[in-house]
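For reference, the structure discussed in these notes is given below.
The values are calculated or read from the model by the stated rules, or taken from the named source; none is laboratory data. Computed from a predicted structure; not experimentally measured. Because the Cβ atoms are built from the backbone with ideal geometry, glycine has one as well, and the counts that use them run over all protein chains shown.
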Amino acid sequence: MTLSAELNALPAAMKAALGDAISNVDLSEMQLVENCPPLVLMQRGHALEAFAFGGEADYAPLYTAFKKHFMAQGASWATKDVSFIYCLPSGLVATQEFCSKVEVDVYFCRKFVVQLHQDIAGSLTRLPFLPLERIKGASIRPPSAQALLRSRNVSTDLASRLVVPGTGAQTLLQACLEEKYGQPSGLTTGSFDAVQAVPEEPRSQSILRSISIENFRAYRAPKKFVLGSAVTVLYGPNGFGKTSFFDAIDFVVTGGVHRFPKGAPAFAKVAKNLDCGDEPTTVSLTFERDGKMHTIVRDLAEPNKATLDGQPKERKDILALLTGGELSVSDRVDNLVALFRATHLFSQDRQALTEEIAESCQLPGDIVSRMLAFDDYVVGLNKSKEVLDLAKKQVDDAEARLQQALDKAAVDQAELGRLQGLQSAGGSSETLDARARALEQDIENAGFSLAEMGSARDMRSLRAFLEGKRIEAASSKPALEKCLESLTELRSAQEELKAQAAPLSDYVETLTRADTVFREQETQVQESESSLARLRATEDDDKATRDAAAWVVEARPQFAQLSQELADLKAKLEEAALVRQTHRSLQSDAATAVAAASNLLSQAEAQHRSAAERVARVQAVRDQLERGQLLPALTTEVQGTEERLTQVALELNERLSKERQAVADQNLVVDRVRRELASARQSASEIQEQVASLRSHVSDGNCLLCGHDHGTLEGLLDAIDRRLGQNEALLQISDQWTQESRKFDGLKESQRQIEEQLQQVEREKAQVAGVRVALLRERVAFDGALATVGLQFSDGFSLQLDGVLAQAKGTLEQASAQLEGARQAKKDAENTVQARVDAERSAGALVDALSEHLAASQQNLYALVSDPRRGAFDVATDLPQLERALSEAVRRQADATAAAQAASNAADARRAELAASHARLLAARVAHQSAARHLSALEGRVQALTASLATSGFSAEANADEILAAIAATVARQGSAEVLATRVAELEVALDAAATSAAFASINNRLLEHKRVADEKEATLARVAPWVKYFEGIHKLLGSQRAAATQHFTQEYGPRTAVIQRRLRPVYGFGDIEVASKGSSIAVQVKRNDESLRPTDYFSQSQVQTLVLGLFLTACSSQTWSGFSSVMMDDPVTHFDDLNTYALLDLISGLQNSPEGSKQFVISTCDEKLLQLARQKFRHLGDTAKFYSFSAIGANGPKVAEIP
């Protein structure tokens, strides 16, 4: 490589860029290859990164030199996490093949190929160990949907009902129409800030410390996990409780599990361990915030309640403390729960994201809302859409019924006018009957059978019958004309079918000949290849024999040298072993002397220890003297207090017994009144039901029960309503029940107070009894201590105690002097032993060195003798004989190679002939298949046309004249039906004139009913239409806000998604991943040669999963709403290969020190490779990294052990 000024400047520029990116690192340069820029080495505690510069041709020497330099450092670098970054200077571009080949090679260390640009820091963004650039935009968290609606003048109740699940759309619409939420006005939907920035509050970091699970999901017996502050890995097969671990964290924090709807009746059953019966199901979580430990405990019996540090707390308060900030009143707890899950939990059900991307290459709006915690917007949009659809349906129904009523009124009005015009028409009934009979006869003569319809006297039916016949005739004409076209096409297809049948047999014959030739030549090629394979095998055997003979000839001198060296070493080793044995004998004698001195020392130590213990016992009794003299008086005082409390307890028990009797008596009174009240309510209900049913059976003022005439129907209905409201006896009994219940409650409260007093007295008694027992024990202990020194409790025992103490101290001084003499004697003996040991050790070192040298020589000789390269030859054979064998092997190998080459040339010629035959066979087969397909298509067309003619009643042999005759008959039949229908209409007019006066009243009544319906529907429209417009505005407002927030996410965080995607693993041949908002959805694209492509059309399943994981890690590493540092991922590496796994661990290592705050990762996996790599990657973290193995599932739940 020619070193230009630009290349020479790269190492210094790289050091400057790295120094700006990472603090507290050691940056140095190392010249390892001539004519190449020096490597830049970056050392930071556990990690070592080497940056080399050059083109493709320089990679191999630079990488090899770095490996040699690494090996030379020995133990000082052996435990470091090593990466090799090969940087291509601006102007030098490497091929995709080179980049992929380098980066997929994970042997020795991780490798990266980086294309440098003028902005060196920007070129390095894909390296996972570099910190992510901090995002400077506003927080992506939008206002809650409820807060947004309230800010736009939507009533508080309506906003809550819209975004909180539970209220149905029909109920909500009905409440709106009843004006429970006010008038549909005041909604402001004008311009607004697309995403209202959430002020970044100072948030305290919190971190998980431990979790305990009992009777929850897979966990039966209590199980506690201590979590690493940096990373925790859970390893084990599927179904062993790892997912239940993450479900437990979700439950204890949020009160639910995302995978199971919380409101579902089955939630308690699926969350509870199936074998625990009625035992409580609890999960407790301990976390640290601002240096203080906090514990959350949640019981499945009350999932919405939990205790925080022993005090009952709501979910919102717990989330506020855990996330490190103060939550506003407008923050709905369900929205916060969704936000927590979206930015802290990557669960297995998120694999559904992969399926959505695979289908449409975009994340639909509902999934984006879940991922970005816009769930309340989804609920609000869906519910407002449902309400809007219901309101529009009511409007559409009302408009349809209104138009229907108006149309019917117009028809009846026209009919009324027609009847008024017919009043002057008519004739005698005999004339009308004669006209009707003549008309019937003409209809029969025209070929229309009146037997198909009932009575022919019904003119309306007769007119409809004729109209139907006319339509039938008119509709059959196009079908007949189509038959005429089909007949022409059929004749053409039949002619072509005859012409194509003959060439097909020629194609079959040609195909058969080509196939026969191909099979024969294929057999010849197989025989040639078999012969060639045998010759190649012979050639390989001869080559192996030649190589073995050559190797043995070359290794024979080394064998002779090793054999001589081995004999010399054995003689020296025997001499050194004899010297060491002499020193061992002298060492044994010295050890015997040490043992004797040790025995004497042990006796002196025992005497000294006994004297010291005697002094300590006497001194202890002397220290307790004052307390021991007070014990009798204290015991008497405590016994008096205990007797007083016993008397108080007896009095309270007597009062409690009386109070319980009073409660029982009052309970009987309450039960009696309750039964009377139930009976009265039943009687009143039956009477009211009978009276109420009377309303639907009266038509005038006479009562059907008593026969009394109330004058009018309204008077009778008023009397019924008054009777329904009368029931004084029921009210009296109800008041009595209320009074007796209150009295019962008062007695119960008095009983509770006495019970509390009694419990307090019993507690005081227990405390006093404990004090008395303690005093008695203390007295017994004091008496025992006196006995150990030979004294008893009396008036003058204190003077005796002083004499005993002085005697014990004198004995101790004598024992100390004897002990010091024994210690000096033992020390002298040990010095003698040490001298003997040093001499023996020197002799042993010489023996060990000779033994090691001998073993190495034996191993080298054995390796030489057993080396597989020697083949069947013996290394100990004479050299001239080995040289003759080598010459013979070389000759045989040359002959075998010549024979194999000749066979290979013959096989190549036959393969060429076979390829030509195969091409001819393929051409014949294609021609035959094309002709067969065409013939089959013609046959199918003939069959279809024949079937079409048969449907219309014509055979395949019919001619065009038959079809034309049928068309003419159809036209004539249509004309006859029209003429006869006109005559029927005229006769109908004459007949209607006789009934005109009777129809007037009916039509007028119908017109009045049509007006009533029209007025009712107009009122409905006036009531519902404003709500349609109102909910259209709400739906538009929520949709616009959600789409704007999604667009903000893609604009602010899209670049980070691309960086994380590159750090997880680049997709070679493609550019960066691009995300863009598409309404409320997120579209995902990838660039290649300036063309936007769908990634799922080109990415593998693991690459798509990597993309989804990148979206999640972008959200969790970028969010600013929470100070909770934990990121939990349940089995994120499905479909990952080793390189993907390396990349994920590298990325996690880099994200642990995110610019937005340090992160704590909890990961589960069934991939043993990930476990081993994680232990290697995070070994420098010490106790801050934890690893657990799930080995089995038993009666008490998962079998889990921490991996040291």
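The numbered conditions (1) part of a helix (DSSP H, G or I); (2) without any contact (Cβ under 8 Å) to a residue 40 or more places away in the chain; (3) hydrophobic (A, V, I, L, M, F, W, C) are all true for Ile1148 except (2).
Scanning the stretch 558-617 for residues that are surrounded by fewer than 15 Cβ atoms within 10 Å (Cβ to Cβ), hydrophobic (A, V, I, L, M, F, W, C) and under 30 Å from Gly803 (Cβ atoms) yields Ala606, Ala616. Within the stretch 1114-1168, if we keep just the residues that are closer than 11 Å to Thr343 by Cα and touching a Leu at 6+ places or on another chain (Cβ under 6 Å), the residue that is modelled with the lowest pLDDT turns out to be Ser1117.
Residue by residue, here is whether (1) touching a residue at least 60 places away in the same chain (Cβ under 8 Å); (2) among the aliphatic types (A, V, I, L, M); (3) farther than 22 Å from Gln587 by Cα holds:
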residue	(1), (2), (3)
Ala815	yes, yes, yes
Leu819	yes, yes, yes
Ala822	yes, yes, no
Val833	yes, yes, no
Arg841	no, no, no
Leu850	yes, yes, yes
Leu861	yes, yes, yes
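Selection of first residues in the stretch 472-489 that are part of a helix (DSSP H, G or I) and of second residues that are exposed (fewer than 15 other Cβ atoms within 10 Å of the Cβ), restricted to Cβ pairs under 6 Å at least 6 apart or on distinct chains, gives an empty result. Of note, Ser657 does not satisfy the criterion of being touching a residue at least 40 places away in the same chain (Cβ under 8 Å) and either closer than 30 Å to Leu819 by Cα or not aliphatic (A, V, I, L, M) (or both).
For every residue, the table says whether it meets (1) more than 24 Å from Arg110 (Cα to Cα); (2) surrounded by fewer than 20 Cβ atoms within 10 Å (Cβ to Cβ); (3) more than 23 Å from the chain's Cα centre (by Cα).
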{"site": "Val1127", "(1), (2), (3)": "yes, no, no"}
{"site": "Val1133", "(1), (2), (3)": "no, no, no"}
{"site": "Lys1186", "(1), (2), (3)": "no, no, no"}
{"site": "Glu1202", "(1), (2), (3)": "yes, yes, yes"}
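Sort out which residues of the stretch 211-264 are under 18 Å from the mean Cα position of the chain (by Cα) and of a type in the set (D, E, K, R), and write them in order of number. Hits for the stretch 211-264 are Arg217, Lys242, Asp247, Asp250, Arg259, Lys262.
Given the conditions (1) more than 22 Å from Thr1114 (Cβ to Cβ); (2) crowded, with 18+ Cβ neighbours inside 10 Å; (3) at pLDDT below 65; (4) among the aliphatic types (A, V, I, L, M), and given that Leu327 satisfies all but one, which numbered condition is not satisfied? Among (1) more than 22 Å from Thr1114 (Cβ to Cβ); (2) crowded, with 18+ Cβ neighbours inside 10 Å; (3) at pLDDT below 65; (4) among the aliphatic types (A, V, I, L, M), the lone unmet condition for Leu327 is (2).
Would you call Ser505 without any contact (Cβ under 8 Å) to a residue 12 or more places away in the chain and closer than 30 Å to His934 by Cβ?
On the way: without any contact (Cβ under 8 Å) to a residue 12 or more places away in the chain: yes; closer than 30 Å to His934 by Cβ: yes.
Criteria met by Ser505.
Check whether at least one residue in the stretch 859-871 is in a helix (DSSP H, G or I) and farther than 30 Å from Asp541 by Cβ, and report yes or no. Yes, some residue in the stretch 859-871 is in a helix (DSSP H, G or I) and farther than 30 Å from Asp541 by Cβ. Taking the criterion of being touching an Asp or Glu at 6+ places or on another chain (Cβ under 9 Å) and either in contact (Cβ under 8 Å) with a residue 24 or more places away in the chain or crowded, with 22+ Cβ neighbours inside 10 Å (or both), the residues of the stretch 256-271 that qualify are Gly256, Val257, His258, Arg259, Ala271.
On the given criteria, is Ser204 over 30 Å from Ile249 (Cα atoms) and at pLDDT below 80? Working first, answer last.
On the way: over 30 Å from Ile249 (Cα atoms): no; at pLDDT below 80: yes.
When the stated conditions are applied, Ser204 does not pass them.
Checking each residue in the stretch 77-99 for being closer than 19 Å to Ala1143 by Cα and of a type in the set (D, E, K, R) picks out Lys80, Asp81.
Go through the residues of the stretch 660-667 one by one and say whether even a single one is over 30 Å from Leu812 (Cα atoms), basic (Lys, Arg), part of a helix (DSSP H, G or I) and out of contact with any Leu (no Cβ under 8 Å at 6 or more places or on another chain). Yes, the stretch 660-667 contains at least one residue that is over 30 Å from Leu812 (Cα atoms), basic (Lys, Arg), part of a helix (DSSP H, G or I) and out of contact with any Leu (no Cβ under 8 Å at 6 or more places or on another chain). Scanning the stretch 166-191 for residues that are closer than 20 Å to Lys1036 by Cα, touching a helix residue (DSSP H, G or I) at 6+ places or on another chain (Cβ under 6 Å) and assigned to a loop (DSSP other than H, G, I, E, B) gives Tyr181, Pro184, Leu187, Thr189. Restricting the search to strands (runs of 3 or more DSSP E) fully inside the stretch 282-321 and requiring at least 2 residues that are over 27 Å from the mean Cα position of the chain (by Cα), modelled with pLDDT under 85 and among the acidic types (Asp, Glu) gives an empty result.
Would you point out the residue of the stretch 872-898, among those that are small (Gly, Ala, Ser) and surrounded by fewer than 16 Cβ atoms within 10 Å (Cβ to Cβ), that is farthest from Val552 (Cα to Cα)?
So in the stretch 872-898, the residues small (Gly, Ala, Ser) come out as 872, 876, 885, 887, 889, 894, 896, 898.
Checking which are surrounded by fewer than 16 Cβ atoms within 10 Å (Cβ to Cβ) leaves us with 872, 876, 887, 894, 898.
On the way: Ala872: 10, Ala876: 9, Ser887: 13, Ala894: 20, Ala898: 26 Å.
My answer is Ala898.
Among residues of the stretch 631-653 that are surrounded by 15 or more Cβ atoms within 10 Å (Cβ to Cβ), those with a beta-carbon under 6 Å from a residue that is of a type in the set (S, T, N, Q) at least six positions away or on a different chain give the pairs Leu652/Gln757.
Let me confirm something: among Gly711, Gly746, Gly715, Gly770, which residue is in the same structural domain as Gln647 (by TED's automatic domain parsing), modelled with pLDDT of 65 or more and not in a helix (DSSP H, G or I)?
From the options Gly711, Gly746, Gly715, Gly770, the qualifying one is Gly711.
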